[in-house]
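Structure first, commentary second.
The values are calculated or read from the model by the stated rules, or taken from the named source; none is laboratory data. A quick note: this is a predicted structure, and the numbers were derived from the prediction, not measured. Methodologically, a virtual Cβ is constructed for each residue, glycine included, from the backbone with ideal geometry; neighbour enumeration extends over all protein chains shown. Surface accessibility is based on the protein's heavy atoms, side chains included, excluding ligands, DNA and RNA. Shrake-Rupley method; radii C 1.70, N 1.55, O 1.52, S 1.80 Å.
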Amino acid sequence: MPSRMHAQVILGGDTNLLNYANPKEYIISNVRFEGVVPFDTGIMLSSTGLHPGAKIRIPGDDLSKAITSLWKQGIFEDIQIYAEQVKGNFVWLVIRTREKKRIATVTFKPGTLTRHEAKDVAEKIRLTNQPSTESVLSKAENTIKEYFTDKGYPDVTVEYKLSPSPFAKDTNRLKIEYNINIGPKVRIGDIHFIGVTEFKTGKLYRTMKDTKRKRWWDPFNSGKLIDDDFEKDKEKILDKYKERGYRDARIVRDSIYRLNPNR
């Protein structure tokens with residue numbers, strides 16, 4: 001959990017009613033937010049238990065638990081809760097938040113991608129103006145890996161660095177620079193079927209529509225290994241057996257190994 005977590009109670013109203021040596025139960029009269037809240041405040045409050053009519057103890061664990069709940073949203077870098085007014089058994093609360101900085105620009109380390117690849121990746125991850133939360137950055141990283149894996153680069157690695165935006169107007173925004181090593185293109189060298197007696201292996205191979213060996217005489221077949229396509233093609237093999245009456249047919253196991261670093 002970030003170190004900048006605050007559960008601060010600032011006394012207001014009849015301050016004599018808030019005695020830290022003698023915890024007391026209060027009824028929340030109202031709760032309001034200060035700062036940018038990207039979601040509906042009602043939704044935010046529902047996760048904290050701090051809503052009008054709820055009972056809380058001050059001092060106590062209620063405010064700390066509420067802050068912990070808000071931190072789990074992953075969108076804030078600072079949260080404070082304080083009582084701005086106290087009247088009798090009623091307390092008015094304020095939740096002051098500061099949202100995590102947003103992404104202003106997306107760049108790629110020079111020499112890692114072509115101009116076309118950089119444009120495609122930027123359009124797919126769509127990070128501009130997104131908050132720099134762990135979930136947002138993790139999703140973008142997975143999208144980049146999927147993009148290159150689908151192109152036949154399963155060894156792609158992705159690193160990134162966050163830094164202040166270089167533009168003066170973006171004082172509260174960040175620049176993200178990606179260092180992407182796509183690695184070698186990996187192609188299918190061969191496909192072997194073991195334990196097949198009912199069909200000729202060539203027939204099963206032709207059944208696999210999207211998982212093909214790379215052959216120099218076939219310019220229309222890239223020989224890429226795409227996990228989703230491979231799983232679908234295995235189902236097509238089983239369907240072929242079921243068409244012939246083998247309802248219990250199954251693939252016992254499959255394995256993939258490298259012929260060399262590029263295959």
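Quick rundown of the values:
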read-out: Filtered residue count, region 66-103, keeping only those that are surrounded by fewer than 20 Cβ atoms within 10 Å (Cβ to Cβ), among the hydroxyl-bearing types (S, T, Y) and touching a residue at least 60 places away in the same chain (Cβ under 8 Å); value: 2
read-out: Residue list for region 54-65, filter: of a type outside the set (D, E, K, R) and either touching a residue at least 40 places away in the same chain (Cβ under 8 Å) or open to solvent by 20 Å² or more (accessible area, probe 1.4 Å) (or both); value: I58, P59, G60, L63, S64
read-out: Some residue of region 136-145 being over 30 Å from I27 (Cβ atoms) and outside any helix (DSSP H, G or I); value: no
read-out: Flag if K242 is surrounded by 13 or more Cβ atoms within 10 Å (Cβ to Cβ) and of a type outside the set (D, E); value: no
read-out: Selected residue (only one of E141, E177, E159 is modelled with pLDDT of 90 or more, within 24 Å of T112 (Cα to Cα) and either open to solvent by 70 Å² or more (accessible area, probe 1.4 Å) or among the small types (G, A, S) (or both)); value: E159
read-out: From the options F199, F167, F193, residue that is open to solvent by 90 Å² or more (accessible area, probe 1.4 Å), of a type outside the set (K, R) and assigned to a loop (DSSP other than H, G, I, E, B); value: F167
read-out: Residue check, R247 modelled with pLDDT under 80 and either surrounded by fewer than 14 Cβ atoms within 10 Å (Cβ to Cβ) or outside any loop (DSSP other than H, G, I, E, B) (or both); value: no
read-out: Any hit, region 113-121, residues being open to solvent by 60 Å² or more (accessible area, probe 1.4 Å) and assigned to a loop (DSSP other than H, G, I, E, B); value: yes
read-out: Checking Y147 against (1) buried (at least 17 other Cβ atoms within 10 Å of the Cβ); (2) out of contact with any Gly (no Cβ under 9 Å at 6 or more places or on another chain); (3) free of Cβ contacts under 8 Å to residues at least 40 places away in the same chain; (4) over 20 Å from S222 (Cβ atoms), the condition it does not meet; value: (4)
